[in-house]
Amino acid sequence: MFEVGLSKRAQQAFAFDDITIVPSRRTRGDEEVSLHWRIDAYTFEFPLLAAPMDSVVSPATAIKMGQLGGLGVLNLEGLWTRYEDPEPMIEKIITIEDPVEATRQMQQIYAEPIKSELIGKRIAEIRGAGVPAAGSLSPQNTQAFAKAVVDAGVDFFVIRGTTVSAEHVSSELTPLNLKQFIYELDVPVIVGGCATYQAALHLMRTGAAGVLVGFGGGAAATTQSVLGVAVPMASATSDVAAARRDYLDESGGRYVHVIADGSVLRSGDIAKAIACGADAVMVGSPLAKATEAPGAGYHWGPEAWHSVLPRGERLKLGTVGSLEHILLGPSTVPDGAMNLVGGLRKAMSTTGYTEIKEFQRVEIVVG
């Protein structure tokens, strides 16, 4: 603990950039490494989820992500559920030069109401391609649109916000009772973000299949500068992994998946997230650089269009290659922005691990 003046103590916390992975006494061939990730009744080729951002995931890219072996999560409060044809709106967002005007225009564009029939249509489109369908809602809109999501046959229901708690209190709105909601829902639920042991333990007790770790750390997020809220991801992931371990004992063997969701910019960050205890990683900005990405090289998250207090911005990232090349290679850049899966595989083989669960025990150092 550190003393911040005479009246405040602070715990030291570490970001992914603060840590490195330590090789063990053995190495493995890349072909020996298995990256399979199983959650609920579904098995994926690798533990990567595409983040529910309109610049990253459309129904088409969700399908492509599934065909390549991962899971794409569609934002069910985004442009695809507000507009029958969202392409003109996307074109408008990415062609505005002034960043302040871009925020103002996004606030207007996203003021269009969400339509239940479009939620059903988009989920059906993804399911019709034969891949698992995952959709995301904020806690504020979950109760209003849950029936449309479930009726459409979604395979994973994601409840995602800047920070999600199991004990929200409001004098103006009836808060979502997460435990009751998840209990009554016959669909696996992934919920978050959270960044502390206690908050994660409470979310695990709701019956969630997975917990998202992180808030305010994405490339397009400005949560830290607007709210002053952030937790470095290496420490947050480790703390939530500790909650998973203790909940496993408390529940008599119920395993809740930990999914790192923030500050994942390169393949090395994915490896570090799993080294800190994550089962999988949710990725945004690296996939926004794909030629198929809806944002055409621009990137923004759901925080960016908040009608009163935007906590994100539209970024120009450019494109580096196809979604397949970004995920599976080959890479044409030397910075870990492409072949994300290959980078994770190489990190595991270099340090002597062949399974994700084993790799969670790898040694790390600060420095």
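The values are calculated or read from the model by the stated rules, or taken from the named source; none is laboratory data. Bear in mind that the values here come from a model prediction, so they are computed numbers and not experimental data. Please note: Cβ atoms are built from the backbone with ideal geometry, for glycine as well, and neighbour counts cover all protein chains shown. Surface areas here come from the heavy atoms of the whole protein model, side chains and all, with no ligands, DNA or RNA. Shrake-Rupley method; radii C 1.70, N 1.55, O 1.52, S 1.80 Å.
Were the residues from Gln140 through Thr332 laid out at 0.36 nm apart, the gain over their Cα-Cα distance would be 65.0 nm. For the chain, the carbon plus sulfur part of the accessible surface works out to 50%, probe radius 1.4 Å.
Heavy-atom accessible surface of Arg245, to the nearest 10 Å², is about 140 Å², with a 1.4 Å probe and all protein chains retained. Once the Cα-Cα distance is subtracted from the 0.36 nm per residue extended length, the Ala124 to Glu358 segment shows a gain of 80.6 nm. Taking Lys289, Lys179 and ordering them by how much accessible surface each has at a 1.4 Å probe, largest first, produces Lys179, Lys289.
Between the amide H of Gly321 and those of Thr291, distances stay under 5 Å, these residues lying 5 or more places away or on another chain, with hydrogens modeled in the peptide plane. A 1.4 Å probe run over segment 59-201, with the rest of the protein chains in place, finds 46 Å² accessible per residue. Put simply, the C-alpha atoms of segment 225-330 give a gyration tensor, and the ellipsoid matching it has half-axes of 29, 20, 11 Å, longest first.
Close amide-amide hydrogen proximity is noted between His306 and Arg311, each under 5 Å apart and 5 or more residues distant or on a separate chain (H modeled in the peptide plane; Pro and chain starts excluded). For trypsin sites (Lys or Arg not before Pro), the sites in segment 1-30 that DSSP calls loop and that have at most 13 other Cβ atoms within 10 Å are Arg25, Arg26. Using the Cβ atoms and a cut-off under 12 Å, what net charge is assigned to the surroundings of Ile364, where Lys and Arg are +1 and Asp and Glu are -1? For residues surrounding Ile364, the net value is 0.
In a shell of Cβ-Cβ distance under 12 Å around Met53, excluding Met53 itself, what net charge do Lys and Arg (+1) and Asp and Glu (-1) give? Overall, the nearby charge balance is -2.
Work from the charge dipole of the chain (Cβ charges, +1 for Lys and Arg, -1 for Asp and Glu, about the Cα centre) and give the residue of Ile356, Gly318, Ser55 farthest towards its positive end. So the residue furthest toward the plus end is Ile356.
Here the extension length gained between Thr196 and Gln107 equals 28.9 nm, from 0.36 nm per residue of separation less the Cα-Cα distance.
Working from label points 7 Å from Cα in the Cα-to-Cβ sense, the Leu248 to Glu97 distance is 5.6 nm.
Which one, Ala200, Phe156, Tyr247, is farthest towards the positive end of the dipole of the chain when Lys and Arg carry +1 and Asp and Glu -1 on their Cβ? The Cα lying farthest towards the positive end belongs to Tyr247. Amide H to amide H distances under 5 Å link Gly262 with Met282, where only residues 5 or more positions off or on other chains count and H is placed in the peptide plane. Here each label is just a point 7 Å from Cα along the line to Cβ, and for Gln11 and Ser34 those points are 3.4 nm apart. Phi angles across segment 18-31 convert, under the Karplus curve 6.51 cos²θ - 1.76 cosθ + 1.60 with θ = phi - 60°, into 3J(HN,Hα) values of 8, 10, 9, 8, 9, x, 9, 7, 10, 10, 10, x, 3, 5 Hz, Gly and Pro given as x. Placing dummy labels 7 Å off each Cα toward the beta-carbon, the span from Asn177 to Thr43 is 3.8 nm.
Coupling constants for segment 82-96 follow from the phi torsions by the Karplus curve (6.51 cos²θ - 1.76 cosθ + 1.60, θ = phi - 60°), and in residue order they are 10, 10, 4, 10, x, 4, x, 5, 5, 4, 5, 5, 7, 9, 6 Hz; glycine and proline get x. Residue ranges 86-92, 238-244, 272-278 sort as 272-278, 238-244, 86-92 when ordered by packing (mean number of other C-beta atoms within 10 Å per residue, highest first). When only the Cβ of Lys, Arg, Asp and Glu is charged (+1, +1, -1, -1), the dipole of the chain relative to its Cα centre reaches about 560 debye. For the residue pairs Lys92/Lys272; Lys64/Lys272; Lys179/Lys357; Lys115/Lys289, the alpha carbons lie more than 31 Å apart in Lys92/Lys272. Each of Phe14, Ile90, Ile39 was scored by the projection of its Cα onto the charge dipole of segment 11-155, and the greatest displacement toward the positive side belongs to Ile39; charges sit on the C-beta of Lys, Arg, Asp and Glu.
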